[in-house]
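The values are calculated or read from the model by the stated rules, or taken from the named source; none is laboratory data. It should be emphasised that the depicted structure is a prediction, and the values quoted were computed from it without experimental measurement. Methodologically, a virtual Cβ is constructed for each residue, glycine included, from the backbone with ideal geometry; neighbour enumeration extends over all protein chains shown. Note: areas computed on protein heavy atoms with side chains; ligands, DNA, RNA excluded. Shrake-Rupley method; radii C 1.70, N 1.55, O 1.52, S 1.80 Å.
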Amino acid sequence: MQAWVANRYYYQKQIPVKDAAILANLPSAAHRRVWISRIVDHDGEGGGERGGTTSWIALARAVGLDENDVRSERAVAPGTRFAVDAYVTFARTRPWIEAVASSLTELFGPPVMARRIAAILEKYPWIEPAGLAYFERRIPLARRDADAALAWVMEEATTPELQERCVEALRFKCDVLWGILDATALASGAFK
């Protein structure tokens with residue numbers, strides 16, 4: 001659990017960077033006004049209170065990790081860093097609709113996060129439940145974000161070629177998430 005939280009921190013930290021890259025490529029102010037909420041959700045407002053990254057650090061403390069160690073990224077596996085950096089590069093360099101489509105993993109996020117909360121409470125009773133606030137806050141935000149992204153993809157991906165590129169973007173994002181899990185498992189000794 002600690003290895004997963006420490007590795008996933010790098011992903012959490014880079015989400016607003018990825019979203020800023022997408023924001024820069026969006027075709028209109030109306031699109032940007034919708035997308036910018038993702039950055040605020042993760043970075044927080046003002047001093048960062050209640051942002052996703054701050055909530056992730058609270059989870060790190062709840063699983064017994066030192067906040068400074070997590071922020072130092074010493075425990076981030078090279079494979080995690082590679083996968084996350086590839087995702088940020090993808091968001092920066094691909095056409096905006098493909099980058100938006102890659103975020104559609106959030107369609108599956110709310111039920112997964114709800115199951116994750118229940119499983120953590122059951123399997124890791126030593127974790128302070130307040131540390132799970134990240135997931136509790138993300139459930140409604142993920143629904144909102146997925147609905148907006150899906151509407152844009154459905155509206156813009158009108159040719160079979162573009163539809164396939166959007167599907168490939170989503171597959172790529174799934175590979176990124178699996179890459180993080182695989183790198184975390186390998187670094188923590190799960191594959192001996």
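So the values come out like this:
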read-out	value
The stretch 70-184: Cα Rg divided by the 2.2 N^0.38 Å rule of thumb	1.21
Accessible area of the stretch 40-192 divided out per residue, in Å², using a probe of 1.4 angstrom	54
Selected from ALA151, ALA142, ALA24 as most flexible by GNM, with the chain as the system and alpha-carbon contacts under 10 Å	ALA151
Radius ratio Rg over Rh of the chain, counting only Cα atoms, Kirkwood formula for Rh	0.97
Cα-based Rg and Dmax for the stretch 1-111, where Dmax is the largest Cα-Cα distance (Å)	14.6, 44
Protein accessible area in the chain, 1.4 Å probe - carbon and sulfur %	58
Over the chain, relative contact order from alpha-carbon pairs under 8 Å, at least 6 apart, %	29
In degrees, nearest ten, helix 133-156 long axis to first principal axis of the chain (Cα)	20
Between 0 and 90°, nearest 10: helix 29-43 axis offset from the chain longest Cα axis	10
GNM result for the chain, Cα springs below 10 Å: residue of GLU136, GLU168, GLU155 fluctuating most strongly	GLU155
Rg to Rh quotient for the stretch 5-62, alpha carbon positions, Kirkwood Rh	1.05
Cα gyration tensor, the stretch 41-91 - rounded (a/c under 1.5), prolate or oblate	oblate
Three-way shape label, the stretch 85-153, alpha-carbon gyration tensor, a/c 1.5	prolate
Rg/Rg_globular for the stretch 126-192, with Rg_globular taken as 2.2 N^0.38 Å and Rg from C-alpha atoms	1.58
Furthest towards positive pole of dipole, THR89, TYR10, ILE120, structure part the stretch 1-127, Cβ charges	THR89
Nearest 10 degrees, 0 to 90: helix 109-123 Cα axis against the chain principal axis	10
